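The block underneath contains the structure these notes are about, expressed in structure tokens.
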Amino acid sequence: MKFDRFIRKVEGVRQQTDSLYKSVHEAPQQQELLIQAVEQLSVSLEELHVAEEELLQQNEQLVEYQQEIEKERQRYQELFDFAPDGYLVTDINGKILEANQAASQLFAIDKTRILGKLLIVFVPQQARRKFREKLARLCQQTQLRDWEIGLQNSQGILFDCEISATTTNDNKANCIGIRWLLRNVSDRKQAEEKTRFVELQNLHLREAAEFKSKIIAVLSHELRTPLNAILGFSDVLLRLNKNQFTPQSVNMVETIIRNGKQLLTLINNMLDFAKLEEGKFSLNLQYFNITELFKLITDDLRFFANQKNIALNIDINIQNVKVLNDPIRIQQLLTNLICNAIKFTETGSVLVELQELNDDKIIIIVKDTGIGISEIDLNYIFQAFRQVNQTKTRRYQGTGLGLAIVKDLLNLMQGTITVESSLGEGSTFCIELPRTVISE
Ligand SMILES: Nc1ncnc2c1ncn2[C@@H]1O[C@H](COP(=O)(O)OP(=O)(O)O)[C@@H](O)[C@H]1O
Ligand SMILES: [Mg+2]
């Protein structure tokens, strides 16, 4: 029941009472009329009672609603106060009317002291004109999203801020205030800046690496041609004049050939490595008998082992000998591993094993009883031009490219290499290869 209905009811009862009163006064002798009047009055009173009851009930409901609204209001106030981002309410001139904790922290100013201040005081001098323009436009546009601006707190410390704002309107759609959301994005900006810096550095490094690979490729290519001529002619010279030459001269030409061959291997390695690094290397895949190739390689290298009095043993334990791979590259990487094993072993033996893990995988193990590699050095041996413990290894020939090439080749072959070693006890290199390499 509405309040005015209740008022009307009261008014009705009052009028009825008046007219009854009048009637009774005009005809006091009429007993019946009096009784009627009293009855009517009691009915009206009852109606009034009911109306009062209804009103009371409504009142109670109203109080409940009010309590709920207050609870909601408090909830929103808490959300406002403890939101991680800064929230402000300003009038259309940017005068701060409300501010949450995050906003007062952002501006390093007490919550009570921030109220009444103009938001523009936190905008550095040089950006104020732009801010004013934005503010003026905001009332027509009703919304501003993700505007990045540098602000300064009450102590003059600058920070990057992302601002979003929405206007509030009266019921005639006039802009009467603005709600602001302020997010400190300094950390994000700094992180972005760092990422950009690192990306730029990476780009420079990539460019430098590409440049290095190109130089190596060009140089190696240019060196190879004259070197092949030197080797070829030295060979011819020796063959044609072996009988006329003194033993000393023969020795000299042989030395030229030996050193030239070493140089050629080095140049070839550099060229291969440059191509592998540039991603310009491709495998020449074909089916071949891995056991035969294995025997060929070890037979070739046994001479070097014998020269050092080291045994080169092989252990082949494989049923299916057919593999799909690039035999020249398999020879290259195995030769490198076995040569390393012989090179870094003074006494004892080198064992080369061939096994099959299952139908799809084969395993090659090169094990030696040589000088070994320390745990720290194991992290570096696959890097290009890395010869660990230079002082020691300078006794041994090489460029430190072999294992880098092995690793890159195995990558192309979808294979892996692992190494276990301890100083003074020897090393074991283990290669896992798919029986059938898929061309990329
Ligand atoms: N079997 C091994 N025993 C001990 N050290 C090894 C062995 N194989 C490789 N290394 C270490 O790893 C380094 C890198 O090997 P590699 O890339 O083949 O280069 P290089 O043979 O030209 O020195 C070697 O210089 C050596 O220090
Ligand atoms: Mg080597």
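The values are calculated or read from the model by the stated rules, or taken from the named source; none is laboratory data. Just so it is clear, the structure is predicted and the values come from calculations on it, not from any experiment. Every residue, glycine among them, receives a Cβ derived from its backbone with ideal geometry; neighbour counts consider all protein chains shown.
Here is how the numbers come out for the structure above:
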read-out	value
Residue pairs meeting the criteria (Cβ under 7 Å; at least 6 apart or on separate chains; first hydroxyl-bearing (Ser, Thr, Tyr), in the stretch 364-388; second in a loop (DSSP other than H, G, I, E, B) and more than 14 Å from ligand 2 (Cβ to nearest atom))	369/348; 374/423
Test result for residue 225, in a helix (DSSP H, G or I) and surrounded by fewer than 10 Cβ atoms within 10 Å (Cβ to Cβ)	yes
Where residue 294 falls short, out of the listed (1) touching a strand residue (DSSP E or B) at 6+ places or on another chain (Cβ under 8 Å); (2) of a type outside the set (Lys, Arg); (3) assigned to a helix (DSSP H, G or I); (4) within 15 Å of ligand 2 (Cβ to nearest atom)	(4)
Among the candidates 333, 357, 401, 351, residue that is closer than 25 Å to residue 424 by Cβ and out of contact with any His (no Cβ under 7 Å at 6 or more places or on another chain)	351
Residues within the stretch 351-363 that are buried (at least 18 other Cβ atoms within 10 Å of the Cβ) and without any contact (Cβ under 8 Å) to a residue 40 or more places away in the chain, tallied	2
Residues that are under 11 Å from residue 107 (Cα atoms) and aliphatic (A, V, I, L, M), drawn from the stretch 144-173	151, 157, 158
Identity of the residue in the stretch 340-364, within 37 Å of the chain's Cα centre (by Cα) and among the hydrophobic types (A, V, I, L, M, F, W, C), that ends up farthest from ligand 1 (Cβ to nearest atom)	357
Tabulated pairs, the stretch 396-424, first in the same structural domain as residue 372 (by TED's automatic domain parsing) and farther than 26 Å from residue 263 by Cα, second acidic (Asp, Glu) and more than 16 Å from ligand 2 (Cβ to nearest atom), C-beta under 7 angstrom, 6+ apart or interchain	415/432; 416/432
Any hit, the stretch 332-339, residues being surrounded by 20 or more Cβ atoms within 10 Å (Cβ to Cβ), more than 19 Å from residue 287 (Cα to Cα), within 10 Å of ligand 1 (Cβ to nearest atom) and without any contact (Cβ under 8 Å) to a residue 60 or more places away in the chain	yes
Filter pass, residue 254 being assigned to a helix (DSSP H, G or I) and at pLDDT below 90	no
Test: residue in the stretch 105-116 that is modelled with pLDDT under 95, polar (S, T, N, Q) and within 20 Å of residue 183 (Cβ to Cβ)	yes
Unique residue being surrounded by fewer than 17 Cβ atoms within 10 Å (Cβ to Cβ) and over 21 Å from residue 268 (Cα atoms) when the list is 416, 369, 345	416
Pairs, first surrounded by 10 or more Cβ atoms within 10 Å (Cβ to Cβ) in the stretch 57-81, second assigned to a helix (DSSP H, G or I), C-beta under 7 Å, six or more apart	81/101
Close pairs (6 angstrom Cβ cut-off, 6 or more residues apart or separate chains): aromatic (Phe, Trp, Tyr) in the stretch 97-109, outside any strand (DSSP E or B) anywhere	107/122; 107/153; 107/154
Test: residue 419 is in contact with a helix residue (DSSP H, G or I) (Cβ under 9 Å, 6 or more places away or on another chain), over 24 Å from residue 287 (Cβ atoms), within 14 Å of ligand 1 (Cβ to nearest atom) and modelled with pLDDT under 95	no
Some residue of the stretch 43-61 being in a strand (DSSP E or B) and either of a type outside the set (Ser, Thr, Tyr) or at pLDDT below 90 (or both)	no
One residue from 116, 94 being over 42 Å from the mean Cα position of the chain (by Cα), under 21 Å from residue 152 (Cα atoms), in contact (Cβ under 8 Å) with a residue 12 or more places away in the chain and not assigned by TED's automatic domain parsing to the domain that holds residue 13	116
Residue 242 vs. criteria at pLDDT below 90, farther than 26 Å from residue 433 by Cβ and out of contact with any strand residue (DSSP E or B) (no Cβ under 6 Å at 6 or more places or on another chain)	yes
